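A.B. asks: Have a look at the structure that comes next, please.
Just so it is clear, none of the values below were taken in a lab; they were calculated from the coordinates. Source: prediction; values computed, not measured. Cβ placement follows ideal geometry from the backbone for every residue including glycine, while neighbour counts extend to all protein chains displayed.
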């Protein structure tokens, strides 16, 4: 199964972002994903063998437990090739980066190669929702 680690924004942030997205013109045959799928990608693991999932879950739970709560705010946004939307974040981005590093380490220690989310490569940390 294809897996990734992510932070799920609180409902209030999703509602605010949803109001902004609702003002966008519809694309040619493009449908938005459900808002419940909008997230901040921390680490992408790709295809993960089913027997690796329990260890990865344990390691991710440990990574989350070692990360203090942090506050972020949504920022300006854009899109990737008309298919994926993103919005930047501000606030305690350093804590978000530490959590992402821990999520990547959890994957490596579980035997997964992992890779940085493409969002970070483009414009820093972004909130991703696909069309």
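A.B. asks: If a paramagnetic tag sat 7 Å from the Cα of residue 12 along the Cα-Cβ line, which residues of the range 55-72 would have the backbone N under 17 Å from that point?
C.D. replies: Residues passing the 17 Å test: 69-72.
A.B. asks: Obtain the nm distance between the two label points defined at residue 93 and residue 22 by a simple spin-label model: each point lies 7 Å from its Cα along the Cα-to-C-beta direction.
C.D. replies: Here the modelled spin labels are 2.9 nm apart.
A.B. asks: By how many nm would the segment from residue 76 to residue 64 lengthen if fully extended, with 0.36 nm per residue of separation less the alpha-carbon distance?
C.D. replies: Contour length minus the Cα-Cα distance gives 1.6 nm.
A.B. asks: Cα gyration tensor of the range 42-96, axes a ≥ b ≥ c as square roots of the eigenvalues: rounded (a/c below 1.5), prolate (a/b > b/c) or oblate?
C.D. replies: Numbers: a/c = 4.93, a/b = 1.33, b/c = 3.70.
Oblate, since a/c reaches 1.5 and b/c is not below a/b.
A.B. asks: Here's a follow-up. Starting from the Cα gyration tensor of the range 1-103, take the square roots of the eigenvalues, sort them a ≥ b ≥ c, and report rounded, prolate or oblate (rounded when a/c is under 1.5, otherwise prolate if a/b is larger than b/c, else oblate).
C.D. replies: Numbers: a/c = 2.45, a/b = 1.42, b/c = 1.72.
Taking the square roots of the gyration eigenvalues as a ≥ b ≥ c, the range 1-103 is oblate.
A.B. asks: Give the order of 44, 80 when sorted by the count of other beta carbons within 10 angstrom, beginning with the fewest. Could you put the intermediate results ahead of the total?
C.D. replies: On the way: 44 21, 80 16.
Fewest-to-most ranking of 44, 80: 80, 44.
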